[in-house]
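Written below as structure tokens is the structure these notes are about.
The numbers here are math on the coordinates, done by the rules we state, and not lab data. Everything numeric here is computed off the predicted structure, so don't read it as measured data. Quick reminder, even Gly has a Cβ in these numbers, built from the backbone with ideal geometry, and neighbours come from all protein chains shown.
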Amino acid sequence: MRGARGSIIIVSAIFAMLLVQSVFARPLAPYPFAPYLGLPFVLALGTAPGVGILRGAATAFAIGYLYDLFTGNPLGIHTLVFVIGFLAARLIGYLISFRGVAFELVLTFLLTLPLGGLLETIRAFTPGGMAWDGVTLALALFGSAFATALVAPLFFAMTRWIDPQAEGSPA
């Protein structure tokens, strides 16, 4: 039950951050260099040894669903990408035992690039999707991955603070 409470608090924190981001998106207009604020939480859950795969995938699903609701994309795009991101982080966290701020920065940057590319590829096939040229897409992906990696250590720490069970080993 404690794990479910941590997931609910994480999803609530993402909801609050998306609400604040949507309020300030117009005056700041950082797109396409805006960070994916939910992705570091998903990656932190994926690399946490105390988070079960079912709970982590369900939390990633809920975070992705919220992203779809806030961004106005067709439902399922961010949901799919965030669950894939959780599973990829789970695999990488299982294979690599190194942890720390450098790991969080590199992991977030390296996973945000292909996940952002997958997101833009899927979005290109949806009605009203944007068609990017190669240079603009690469610039947007690298800018967004860099911005997401910069905020990742903060969100990894927030995840550990919100859900202390994420640090422990699975029972």
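In table form, for the structure just shown:
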read-out	value
Which of Leu118, Val135, Leu43, positive extreme of dipole for region 38-137 (C-beta unit charges)	Leu43
Ranked by how many other beta carbons lie within 10 Å on average, peptides 54-67, 10-23 from highest	54-67, 10-23
Extension reserve of the Leu54-Arg160 stretch, reckoned as 0.36 nm per residue once the Cα distance is removed	36.3 nm
Cα-projected label distance for Asp133 with Ala102, points at 7 Å along beta-carbon direction, nm	3.9
Footprinting exposure proxy for Asp133, Asp163, Asp68 (fewest neighbouring C-beta atoms within 10 Å first)	Asp133, Asp68, Asp163
